[in-house]
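Report on one structure; see the data block that follows.
Readers should treat all values here as calculations from the given coordinates under stated rules, not as data from a laboratory. As the structure is a computational prediction, the values presented were derived from the model and not from experiment. Virtual Cβ from ideal backbone geometry, glycine too; neighbours counted across all protein chains shown.
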Ligand code: KG4
Ligand code: ZN
């Protein structure tokens, strides 16, 4: 019997729906929200309103694009958290109503676990190599920066965590200081292509163990810009590419160094990266170089499955379905998990 999961992701500012059949993605739609661009970050109230406007058409399209009828859906998976409560509520409410109306099970999914399991999304005609257990996953997103020990699909432990800002936040906040729009990560990645990564040096934190810190770097960047702009008011404009390349290089070095440390300490050479920042071209290149040097078996998800998407919620839902891990109608979303 086929297992067909309708998956819904609304944790932040992307409304996404996907259909996953037996682990293969057969549709994955994402409606972004341009409304936040000029604010330099996500405005929670605007995000939840945009989810309300987008959710029905996005789910309708995901089902149509998959070429299935509603009656073929085995279960509905949705993001329970972590995320913005107002945004999570839209997806959770829709998922509950949909499951109830069709009399099918409801599956709650942890957004972070889903980012890690993005490695297991199968694509027809593009047979991807998937990690075996145990593996280490560097999870880098807008809200989280963690090194995770993945023992099984649904069994994971956190080995390292950020003690303040996340890596994506560092990209976005530094971008904002350079007048880039939100989210600044992808733009920094692009602008840095024309820049020199050694043009400027920024401080790297010394944090114990496998933990991370990015707030000091952001402050260092802020004061540096403030001092330089005092001398030349066009400093940022004249040096934007070099600033992007240098700050990106610093963030990527911080991430890569801890990942290497985690691999040495655990003796695990199966390594993956996941989350929005794992779309970064310099991070992808850096871990590839380390993999070659250190004999890692490296897993990098396709770009489409790095930033927020419902396919990753669907694959997690699929593994939970197989294990019979269902949620009741009384389940509530949680901003923190
Ligand atoms: O995983 P994600 O889509 O959402 C969260 O769960 O937070 O990650 C979003 C983060 C943002 O901070 C964004 O700037 C960053 O991922 N990001 C990037 C790139 N693409 C997205 N950061 C650096 N380089 C990129 N190419
Ligand atoms: Zn995410």
Original post:
Taking the stretch 269-312 only, how many residues are in contact with a helix residue (DSSP H, G or I) (Cβ under 8 Å, 6 or more places away or on another chain) and more than 16 Å from ligand 2 (Cβ to nearest atom)?
Top reply: 14
Subject >> Given (1) within 16 Å of ligand 1 (Cβ to nearest atom); (2) over 18 Å from the mean Cα position of the chain (by Cα); (3) under 21 Å from residue 121 (Cα atoms), number of the condition residue 29 does not satisfy >> reply: (2)
Original post:
If the Cβ limit is 9 Å and pairs must be 6+ apart or interchain, which residue in the stretch 263-287 that is free of Cβ contacts under 8 Å to residues at least 24 places away in the same chain and more than 16 Å from residue 156 (Cα to Cα) pairs with which residue that is within 14 Å of ligand 1 (Cβ to nearest atom) and not in a helix (DSSP H, G or I)?
Top reply: 284/273; 284/300
Original post:
When residues of the stretch 180-199 are filtered for being more than 10 Å from ligand 1 (Cβ to nearest atom) and either over 19 Å from residue 38 (Cα atoms) or surrounded by fewer than 20 Cβ atoms within 10 Å (Cβ to Cβ) (or both), how many remain?
Top reply: 8
**OP:** List the number of the failed condition for residue 88; all other conditions in (1) touching a residue at least 40 places away in the same chain (Cβ under 8 Å); (2) away from ligand 1 (no atom under 16 Å from the Cβ) hold.
**Re:** (2)
Original post:
Looking at the stretch 155-179, which of its residues are exposed (fewer than 15 other Cβ atoms within 10 Å of the Cβ) and under 21 Å from residue 224 (Cβ atoms)?
Top reply: 179
Original post:
Take the residues of the stretch 166-193 that are out of contact with any helix residue (DSSP H, G or I) (no Cβ under 6 Å at 6 or more places or on another chain) and within 16 Å of ligand 2 (Cβ to nearest atom): which is nearest to residue 254 (Cα to Cα)?
Top reply: 166
